[in-house]
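So the structure is just underneath, and the comments pick up after that.
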Amino acid sequence: MALVNEHFLKLQSNYLFSDIAKKVNAFKVTHPKQPLIRLGIGDVTRPLPPACIQAMHKAVDEMADMDTFHGYGPEQGYEFLIEAIIKHDFAPLGVSLSPSEIFVSDGAKSDTGNIGELLRWDNSMGVTDPVYPVYVDSNIMCGRSGVREPDGTWSNVTYLPCTAENHFIPSVPDHRVDLIYLCYPNNPTGTALTHEQLKVWVDYALKNDTLIVFDAAYEAYIREPDIPHSIYEIRGAKKVAIEIRSFSKTAGFTGVRCGYTVIPKEITAATLGGERIPLNPLWNRHQCTKFNGTSYITQRGAEAVYSPEGQRQVRETIDYYMENARIMRTELQNSGFDVYGGTNAPYLWLKAPEGMSSWKFFDHLLYNMNIVGTPGVGFGPSGEGYLRLTAFGRRDDCIEAMQRIRSHS
Ligand code: MLT
């Protein structure tokens, strides 16, 4: 008899976005004629940059010829992409990385979910709250989160509240934790950390021997100066931080799937006996065993993001979404809402009307305005009373959604 991993039984039956999809599908069955506007899951709507399409077509043609065909690629990613990543994403920031510190993957979600496999199950962990649900859920799966408390929090997780009172900028824990997940620019609140604010975290990690998993999936949305694009811009970060990046939100790869993880050679974790073990070779071992590489066609598409046309096209797409964000923020404010984010991130964090819970607000938007958002409490206890809207919609949908909200205010 196979015994089940009982930690899975502790999870909510559905992943947040699957839960929302179920509710939306139920709504559609009962209201088939209502014109729905989806601003829930952070999925992009603009097509891929033409430079990526062209590169992928070329790669498909190569696959059709015996002389240029590609079978299994390197599990860590092709050199051409890794070199482009180092040259364009890090060198301009003054961050030097070697190719073996980059691992190309099928997206940030898999890497953020899997990275914990390198660490013992009984490390303590911290998350900013609210937070992308993958960080906590993936730790529940291996038992690291502890047990579920009556208020829905997890006994072995330190929650670092991000609230309007602290401008959604969390304080470092008042005790040491082994592992911390940070996502900046932030999903879901849309806030960003300045260089000084991020330095506080790196200093905490250096002082407390804490490993930071830094999710930089929304880095391309940074507009303001003094917001670091990589945690490695902070001195000492290479000793304590793993950084995860994505082409999904940068170049519209949500359906193509490509991202990468940076594990500097300096990063270590300890054995119980106190020996320091570098995590880079362990992740390499993990990927070689469990992953056969991102497809050649996809990686050629990702490489094209860094071509001059690719960079221009990506910038245009991001500008489009950020203009959506600007329109939405202005309209929501004009409708009397407290709204945060949308300046350095494609998410707007909206305070529900006084006394209304996140799920009630979600239902109100869905049933009365036919707009899909994401209830803030789905991201953690401090998200209660908030709702997230994405700026990844089509422009006319975003405008129409704001008109519907205004006419119900
Ligand atoms: C979100 O809506 O938070 C994201 O789309 C989820 C993801 O990137 O996996």
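The values are calculated or read from the model by the stated rules, or taken from the named source; none is laboratory data. Source: prediction; values computed, not measured. With ideal geometry, Cβ positions are generated from the backbone for all residues, glycine too; neighbour counts draw on all protein chains shown. With ligands, DNA and RNA removed, areas are computed over all heavy atoms of the protein, side chains included. Shrake-Rupley method; radii C 1.70, N 1.55, O 1.52, S 1.80 Å.
Just name the residue that is surrounded by the most Cβ atoms within 10 Å (Cβ to Cβ) out of those in region 185-195 that are out of contact with any Cys (no Cβ under 9 Å at 6 or more places or on another chain) and in contact (Cβ under 8 Å) with a residue 40 or more places away in the chain. Talk me through it step by step, then tell me what you get.
At the first step, the residues of region 185-195 found to be out of contact with any Cys (no Cβ under 9 Å at 6 or more places or on another chain) are 185, 187-188, 190, 192-195.
Now drop any that are not in contact (Cβ under 8 Å) with a residue 40 or more places away in the chain, which leaves 185, 187-188, 190, 192.
Working: P185: 27, N187: 25, P188: 29, G190: 27, A192: 25.
Within region 185-195, the match that is surrounded by the most Cβ atoms within 10 Å (Cβ to Cβ) is P188.
Test Y232 against the stated conditions and say whether it is within 16 Å of the ligand (Cβ to nearest atom) and either under 27 Å from E323 (Cβ atoms) or outside any loop (DSSP other than H, G, I, E, B) (or both).
No: the conditions fail for Y232.
Can you tell me which of S98, S105, S138, S110 is in the same structural domain as K290 (by TED's automatic domain parsing) and more than 16 Å from the ligand (Cβ to nearest atom)?
Values: S105 fails: more than 16 Å from the ligand (Cβ to nearest atom); S138 fails: more than 16 Å from the ligand (Cβ to nearest atom); S110 fails: more than 16 Å from the ligand (Cβ to nearest atom).
Only one candidate qualifies: S98.
Hey, any hits in region 251-270 for a residue that's assigned by TED's automatic domain parsing to the domain that holds E83, part of a helix (DSSP H, G or I) and either in contact (Cβ under 8 Å) with a residue 24 or more places away in the chain or more than 15 Å from the ligand (Cβ to nearest atom) (or both)? Steps first, answer last, please.
Quick first cut of region 251-270, residues assigned by TED's automatic domain parsing to the domain that holds E83 only: 251-270.
Filter once more, keeping what is part of a helix (DSSP H, G or I): 251.
Then drop every residue that is not either in contact (Cβ under 8 Å) with a residue 24 or more places away in the chain or more than 15 Å from the ligand (Cβ to nearest atom) (or both), which leaves 251.
Yes, that holds for at least one residue.
Any chance region 70-81 includes a residue that's open to solvent by 60 Å² or more (accessible area, probe 1.4 Å), closer than 30 Å to E149 by Cβ and either more than 16 Å from the ligand (Cβ to nearest atom) or assigned by TED's automatic domain parsing to the domain that holds I318 (or both)? Step through it out loud before you land on a result.
First, the residues of region 70-81 that are open to solvent by 60 Å² or more (accessible area, probe 1.4 Å): 72, 79.
The next check asks that each one be closer than 30 Å to E149 by Cβ; those that pass are none.
Within region 70-81, not a single residue is open to solvent by 60 Å² or more (accessible area, probe 1.4 Å), closer than 30 Å to E149 by Cβ and either more than 16 Å from the ligand (Cβ to nearest atom) or assigned by TED's automatic domain parsing to the domain that holds I318 (or both).
Tell me, which residue of region 206-216 that is over 21 Å from the mean Cα position of the chain (by Cα) and touching a residue at least 24 places away in the same chain (Cβ under 8 Å) is least open to solvent (accessible area, probe 1.4 Å)?
The first filter runs over region 206-216 and keeps only residues over 21 Å from the mean Cα position of the chain (by Cα), leaving 206-209.
Retained after the next criterion (residues that are touching a residue at least 24 places away in the same chain (Cβ under 8 Å)): 206, 208-209.
On the way: L206: 72, N208: 34, D209: 85 Å².
Restricting to residues being over 21 Å from the mean Cα position of the chain (by Cα) and touching a residue at least 24 places away in the same chain (Cβ under 8 Å), the top hit is N208.
Go through (1) out of contact with any Lys or Arg (no Cβ under 6 Å at 6 or more places or on another chain); (2) surrounded by 14 or more Cβ atoms within 10 Å (Cβ to Cβ) and name the single condition T45 misses.
Going through (1) out of contact with any Lys or Arg (no Cβ under 6 Å at 6 or more places or on another chain); (2) surrounded by 14 or more Cβ atoms within 10 Å (Cβ to Cβ) one by one, T45 breaks only (1).
Would you check if V172 is part of a helix (DSSP H, G or I) and over 24 Å from I85 (Cα atoms)?
On the way: part of a helix (DSSP H, G or I): no; over 24 Å from I85 (Cα atoms): yes.
So V172 does not fit the description; no.
Given the criterion charged (D, E, K, R) and over 26 Å from D106 (Cβ atoms), identify the matching residue among R315, R326, R388.
On the way: R315 fails: over 26 Å from D106 (Cβ atoms); R388 fails: over 26 Å from D106 (Cβ atoms).
Sole residue among the options that is charged (D, E, K, R) and over 26 Å from D106 (Cβ atoms): R326.
Here are some conditions: (1) loosely packed, with under 13 Cβ neighbours inside 10 Å; (2) under 23 Å from the mean Cα position of the chain (by Cα); (3) touching a residue at least 12 places away in the same chain (Cβ under 8 Å). G336 meets all but one. Which one does it not meet?
Among (1) loosely packed, with under 13 Cβ neighbours inside 10 Å; (2) under 23 Å from the mean Cα position of the chain (by Cα); (3) touching a residue at least 12 places away in the same chain (Cβ under 8 Å), G336 violates only (2).
Only one of E233, E219, E243 is touching a Leu at 6+ places or on another chain (Cβ under 7 Å), acidic (D, E) and buried (at least 17 other Cβ atoms within 10 Å of the Cβ). Can you tell me which? Break it down stepwise before answering.
Values: E219 fails: touching a Leu at 6+ places or on another chain (Cβ under 7 Å); E243 fails: touching a Leu at 6+ places or on another chain (Cβ under 7 Å).
Going through E233, E219, E243 in turn, the sole match is E233.
Taking region 326-347, which residues are closer than 16 Å to R406 by Cα and in contact with a Gly (Cβ under 6 Å, 6 or more places away or on another chain)?
Hit for region 326-347 is R329, nothing else.
Please go through region 354-365 and give me each residue that is surrounded by fewer than 21 Cβ atoms within 10 Å (Cβ to Cβ) and touching a residue at least 12 places away in the same chain (Cβ under 8 Å), ordered by number.
If we filter region 354-365 for residues that are surrounded by fewer than 21 Cβ atoms within 10 Å (Cβ to Cβ), which is where we start, we get 354-357, 359-360, 363-364.
Result: M356, S357, W359.
Consider only pairs whose beta carbons are under 9 Å apart and that are at least six residues apart or on different chains; among these, list those whose first residue lies in region 373-401 and is open to solvent by less than 30 Å² (accessible area, probe 1.4 Å) and within 16 Å of the ligand (Cβ to nearest atom) and whose second residue is among the polar types (S, T, N, Q) and at pLDDT below 95.
Sorted first by the residue in region 373-401, then by its partner, the pairs are G380/T153.
Restricting to region 120-157, name every residue that is part of a strand (DSSP E or B) and surrounded by fewer than 18 Cβ atoms within 10 Å (Cβ to Cβ).
Keep residues of region 120-157 that are part of a strand (DSSP E or B), which gives 125-129, 148, 154, 157.
Within region 120-157, just R148 meets the criteria.
Among the helices (runs of 4 or more DSSP H) confined wholly to region 1-119, which include 1 or more residues that are aromatic (F, W, Y)? Explain how you work it out, then say what you get.
Values: elements: 16-30, 50-63, 79-85, 108-114.
Result: 16-30, 79-85.
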